[in-house]
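Trainee: Attaching a single structure in structure tokens format; questions to follow.
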Amino acid sequence: MISGMRCLRHSRRTLAQLSTIKPPKHISNEAVKTFSQKDTSDWDLLRASLSKFNNASLDIPLVINGKRFFYNEGGRESFQQTNPAKHSQVLANVTMATEKDVLSAIQASKQAKQNWLKLPFYDRAAVFLKAADLISTKYRYDMLAATMLGQGKNVFQAEIDCITELADFFRFNVKYASELYAQQPIESTPGVWNKAEYRPLEGFVYAVTPFNFTAIAGNLVGAPALMGNTVVWKPSQAACLSNYLLLTVLEEAGLPAGVINFIPGDAVQVTQKVLADREFGALHFTGSTSVFKQLYGAIQKGVATDVYRDYPRIVGETGGKNFHLVHASASMPHAVLSTLRGAFEFQGQKCSATSRLYIPQSKSTEFLQDLVGTVSTVNPVNTSASQINGGDLHGFFGPVIHEQSFDKLAKVIEDAKADSELEILYGGEVDKSSGWFITPTIIKTTNPLHKCMSTEFFGPILTVYEYPDEQFAEICTTIDETAAYGLTGSVFARDRDAILVADEKLKYSAGNFYINDKCTGAVVAQQWFGGARMSGTNDKAGSGNILTRFVSIRNVKETFHELTDFKYPSNYE
């Protein structure tokens, strides 16, 4: 009996690290629902879910080892997540983790690790495949409503985020993991068998997730968990509603207790406790560059002072100062519409959003008149900013996420009005009377090195520079050297020589480079996403590469032939 149990444990361990089970062949990108006027049933179901969250605020607990802990228990406090389009509306009362809670979450992740890493890959994968199906069916409209109300998205932006991209992450990660496990040594000498085991990291993973994409939060916790790791999850305070709903979906899909521990709270307090633990194994982060730098430095200090058992993996995607470069040969109407979408969809609150625009002088008047004219049809200048998408489910523009963001962007606009090198061509209106609204703002500069061309604002502000047509190659160099980032960028041209020049000179300016397309909207499995320089570690979410960061490979060599002598042939005379 004891021997049998040993065999069972060995079998579970091996199955967890070697996959002979193939994922479903039909894995492909989840179809995007258009929510056109004729899709009445989709609108009806969405309105029902919106009403559910509008009619009552939700109490959101901590989730540690599968157990719920609420505020007003154990000295815990709470914060309110409000609707950014109507900041008087409280959507959720969110429990804040205490220092003791953080330590409990860390301990829970360590304890759950032993069983989770031994679980066969098939069973781990099944959790995420089922979660993807639940997201795209049973909970589709609830996920949409939570993301729309909590994070200020219109229905299309929510659909491509918390439904299609999130489901894609879960499904394609299973496919990528299966392919990774199948990568084995291709050579063995006679009498030898070699194999590679893809162990989860030793220790636990700390996931710090942003407000702007529910899908990113899902991938930051889901990718390491799929590979057998356990996770301490610190969600953004501005996205707890959708993130908690996502966790409940994962639990319904069969996620065991303690594999992902949900601890909203003070970022500094939570992080200090996590980074002080000897078994901290990896950081999976999306957020601001400044915060990532601080975390990076703290982790390296911990390495230098022997805090950790291992060298923690650091995986991060941060900010960008993303560009559109228009050549004189480009289709101007197409470049205009692409720029409008790239700069102002989701109020410019995408890491990849278009923030700086370079246009040739010969086409500048035509381009800017078209851009300003098109923006004004969606957002007339005589319309109060507070009315933009204020409860309009069909709206294009919406609010920025919170007062801190609003105040920062409002100051940028006020400073621009007093700057002799800047001219506001459109927008510049702000209104926080009912929601955090900043009108789409287009600023023209005479200085290609102005701070507006290098500073990330993370809002609906686009800065434009006109360059002499004959200086196309030179402006490529300027683009490359102006900002510290390297996330996304686009070139618009029909001239193939111009495209080749931009492609070569901007090779390190963008981890995602687009030709005749906007610089936002990377799709899982199609455009792997991530940037280098100060934009992050470029580990490419949406590809199999990201999964390699959450495994530690062990190579095993088994010899069948027995030695009969210690000498090699060359040792004999």
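Read-outs: derived from the displayed coordinates by stated rules, not from any lab. All values reported here derive from a predicted model rather than from experimental measurement. No Cβ is skipped: glycine too gets one built from the backbone with ideal geometry, and neighbour counts run over all protein chains shown.
Trainee: For a quick check: sort 250, 325 by the number of other beta carbons within 10 angstrom, fewest at the front. List each step's numbers first, then the result.
Mentor: On the way: 250 23, 325 27.
Taking fewest neighbouring Cβ atoms as first place, the list is 250, 325.
Trainee: On to the next question. Calculate how steeply helix 140-151 sits against the longest principal axis of the alpha-carbon atoms of the chain, using the helix alpha-carbon long axis, and give the answer as 0 to 90 degrees to the nearest 10.
Mentor: It works out to around 60 degrees.
Trainee: Here's something else I'd like to know. Report the full-extension gain for the segment residue 294 to residue 337: residue separation times 0.36 nm, less the Cα-Cα distance, to one decimal in nm.
Mentor: Once the chain is fully extended between residue 294 and residue 337, it gains 11.7 nm.
Trainee: Taking just the alpha-carbon atoms of the chain, what radius of gyration and Dmax come out, in angstrom?
Mentor: 25.6, 98
Trainee: How big is the range 322-515 by the Kirkwood estimate over distinct Cα pairs, in Å?
Mentor: Evaluated on the range 322-515, it is 16.8 Å.
Trainee: Further question: Neighbouring Cβ atoms within 10 Å as the yardstick, rank 490, 362 fewest first.
Mentor: In order of increasing Cβ crowding within 10 Å: 362, 490.
Trainee: By DSSP, what percent of the beta bridges with both residues in the chain are antiparallel, rounded to the nearest 5?
Mentor: Within the chain, antiparallel bridges account for around 40 percent of the total.
Trainee: So how tilted is helix 40-54 from the main axis of the chain? Cα-based, degrees 0 to 90, rounded to 10.
Mentor: For helix 40-54, the angle is close to 80 degrees.
Trainee: If you take every residue apart from residue 556 with its C-beta less than 9 Å away from the C-beta of residue 556, what net charge results, scoring Lys and Arg +1 and Asp and Glu -1?
Mentor: +1
Trainee: Quick check: net charge around residue 234, other residues with Cβ under 13 Å of its Cβ, Lys/Arg +1 and Asp/Glu -1?
Mentor: Neighbour charge sum, excluding residue 234 itself: -1.
Trainee: Counting other C-beta atoms within 10 Å, which of 334, 26, 87, 324 has the fewest, and how do the rest follow?
Mentor: 26, 334, 87, 324
Trainee: For residue 54, what charge total do you get from the other residues with a beta carbon under 11 Å from its beta carbon, if Lys and Arg give +1 and Asp and Glu give -1?
Mentor: On the way: positive: 47, 52, 86; negative: none.
That works out to +3.
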